[in-house]
Amino acid sequence: MTSAAGQSPPTARDSGLVGCRRCTRVWPIETEVCGRCGHALQSRDPQALQKVWAWWLVGVGCYVPANLYPMLETRTLVDSQDATIVGGAVELALHGNWGIAIVILVASVLIPVGKFLVIAALALGVRYRSGLSERLRHQLHEIVEYIGRWSMIDVFVVAILSSLVQLGTLAAIRPGQASLYFALSVIFTMLSAQAFDSRLIWDTDPAPKPAAPAERSPA
Amino acid sequence: MTHPADRTDLDALIACPRCDALYKVREPAHRERAVCARCHHVLIAPRRGAGAQIVAVALTVVVLVVAATIFPFLEVSVGGATNASSILDAALAFSGSGLFLLLALAVAALIVVIPVTRALLVIYVIAPLVFDRRPLPHASSAFRLSEALRPWSMAEIFAIGCAVALVKVADLATVSLGPAFWMFSVLVVLVVAQDSFLCRYSVWKALEREARPT
Ligand SMILES: [Zn+2]
Ligand SMILES: [Zn+2]
């Protein structure tokens, strides 16, 4: 493939065109709906960052109660406990299960908080011209979009445990309030990351990069 | 400002959906990939004969998800008491009250409804192309919906969740794996494989070409 615009800046927008983000077909910039796939076309959504922040705020808002309420309510013959995310991890660590405690802390605390920070940094980076390179910010966005879905694993584990451990008086696990807030937080964070238009990262890119995309053989 | 393309040859251009870089299409050879020079997004990755494989995998996914939903996937026992749980049981674990019911529906959608819907949409869109037929009505909308649902199809995440749950219950009770657990494991591999076979550009191109009145 070769760059369409030769030496002039090689983006669709600079060429008076708009690319479909769903099927990559190119149309004149004033086109509103993609004629190939029917997706709504917009060269840049002026409200993209507002949408990102709106979803981001709800996501962070749900993450707070997700940590305050218990995630699981466990009843066994000997005791009953309502564990929050962090509380449960601390409990495991005290019992010597350091490995699982660290996995839980990484999956349920480090990754969600990291996602919030990265999305905020990306949105601010567009607004205030980030010092980080475009390539790096683009990779951060891809990582957040990829990892975002995996946070649902906590909710699924709660669902599996509560349906499985129903052994009458011997042992029973019920989902706690936090599972609901945690699920909502994950979903809203995913929506926030999806609302972020990665093309905005590259719009500040001053010089056109190499004209032809690399051709790669499969690894 | 130059307009490099007039309306007639827009067909031959491709805009990177992630960074807006514009390229003139030169289709890579079988098993090669065209990658955006700026952001490294894979633009085109054609594979000959992928269509039939994708349809076969999608059919298997439908059968597996339906079967895995009915059969138990994990069974615990403590003392004399045992309990087996199917995937529907897991989703419905939340169905206590009000908002939890909503969560139950969401979980059922993420692990059963959306993966099956995606597989059915893919069959609907790609099967006619494999057999050199005209696309079925609304094939473009169907494929667009399937692509939009992609991040929300979480069967593979649920399968890994089973493994985590196993570890957590291990010291509380004896756990045994039901048939559905193995079906779900196969499913995970298939779902991942399907996404890597699918060259979106080739599908859109084929839909566009075949839909044109002759
Ligand atoms: Zn389109
Ligand atoms: Zn790109």
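The values are calculated or read from the model by the stated rules, or taken from the named source; none is laboratory data. All of these numbers come straight from a predicted model, not from anything done at the bench. Virtual Cβ from ideal backbone geometry, glycine too; neighbours counted across all protein chains shown. Each accessible area value is taken on the protein alone, full model and side chains, heavy atoms only, with ligands, DNA and RNA left out. Shrake-Rupley method; radii C 1.70, N 1.55, O 1.52, S 1.80 Å.
Details
Rundown of residues vs (1) at pLDDT 90 or above; (2) away from ligand 1 (no atom under 16 Å from the Cβ); (3) in the same structural domain as residue A:112 (by TED's automatic domain parsing), yes/no style:
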residue	(1), (2), (3)
A:28	yes, no, no
A:50	yes, yes, yes
A:60	yes, yes, yes
A:64	yes, yes, yes
A:77	no, yes, yes
A:99	no, yes, yes
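- Contact map, region B:194-209: residues that are touching a residue at least 12 places away in the same chain (Cβ under 8 Å) and away from ligand 1 (no atom under 15 Å from the Cβ) paired with residues that are open to solvent by 40 Å² or more (accessible area, probe 1.4 Å) and of a type outside the set (S, T, N, Q), Cβ distance under 7 Å, separation 6+ or inter-chain. Pairs shown: B:197/B:47; B:199/B:47.
- Within region B:90-111, no residue that is outside the structural domain of residue B:156 (by TED's automatic domain parsing) sits with its Cβ atom under 9 Å from a residue that is open to solvent by less than 30 Å² (accessible area, probe 1.4 Å) at 6+ positions apart or across chains.
- Filtered residue count, region B:178-207, keeping only those that are under 27 Å from residue B:13 (Cα atoms) and open to solvent by 30 Å² or more (accessible area, probe 1.4 Å): 6
- Scope region B:29-40; condition open to solvent by 10 Å² or more (accessible area, probe 1.4 Å), more than 7 Å from ligand 2 (Cβ to nearest atom) and facing chain A (nearest Cβ under 7 Å); matching residues: B:31, B:32, B:33, B:37
- Subset of region A:15-42 [closer than 26 Å to residue A:122 by Cα, within 16 Å of ligand 2 (Cβ to nearest atom) and open to solvent by 20 Å² or more (accessible area, probe 1.4 Å)]: A:21, A:22
- Search result, residues across region A:82-97 that are more than 19 Å from residue A:172 (Cα to Cα) and in contact with a helix residue (DSSP H, G or I) (Cβ under 8 Å, 6 or more places away or on another chain): A:86, A:89, A:90, A:93
- Counting only residues that are part of a loop (DSSP other than H, G, I, E, B) and over 16 Å from residue B:123 (Cα atoms), region B:161-204 holds 5 of them.
- None of B:64, B:59 is more than 8 Å from chain A (Cβ to nearest Cβ), open to solvent by less than 60 Å² (accessible area, probe 1.4 Å) and touching a residue at least 24 places away in the same chain (Cβ under 8 Å) except B:64.
- Residue check, residue A:85 among the hydrophobic types (A, V, I, L, M, F, W, C), within 25 Å of residue A:164 (Cα to Cα) and more than 8 Å from chain B (Cβ to nearest Cβ): yes
- When residue A:43 is tested against the conditions (1) more than 16 Å from ligand 1 (Cβ to nearest atom); (2) modelled with pLDDT under 90; (3) not acidic (Asp, Glu), the lone failure is (1).
- Check on residue A:79, open to solvent by 20 Å² or more (accessible area, probe 1.4 Å) and in contact (Cβ under 8 Å) with a residue 40 or more places away in the chain: no
- Any hit, region B:149-164, residues being over 30 Å from residue A:100 (Cβ atoms), out of contact with any Gly (no Cβ under 8 Å at 6 or more places or on another chain) and surrounded by 15 or more Cβ atoms within 10 Å (Cβ to Cβ): yes
- Restricting B:20, B:89 to those that are acidic (Asp, Glu), under 30 Å from residue A:165 (Cα atoms) and either within 16 Å of ligand 1 (Cβ to nearest atom) or in contact with a helix residue (DSSP H, G or I) (Cβ under 6 Å, 6 or more places away or on another chain) (or both) reduces the list to B:89.
- Single residue of A:118, A:165, A:186, A:158 found to be modelled with pLDDT under 90, more than 7 Å from chain B (Cβ to nearest Cβ) and surrounded by 17 or more Cβ atoms within 10 Å (Cβ to Cβ): A:158
- Contact map, region B:30-47: first residue assigned to a loop (DSSP other than H, G, I, E, B), second residue of a type in the set (Asp, Glu), Cβ cut-off under 7 Å, separation 6 or more or different chains; pairs are B:32/A:215; B:46/B:27.
- Scanning region A:135-150 turns up no residue that is touching a strand residue (DSSP E or B) at 6+ places or on another chain (Cβ under 7 Å) and open to solvent by 10 Å² or more (accessible area, probe 1.4 Å).
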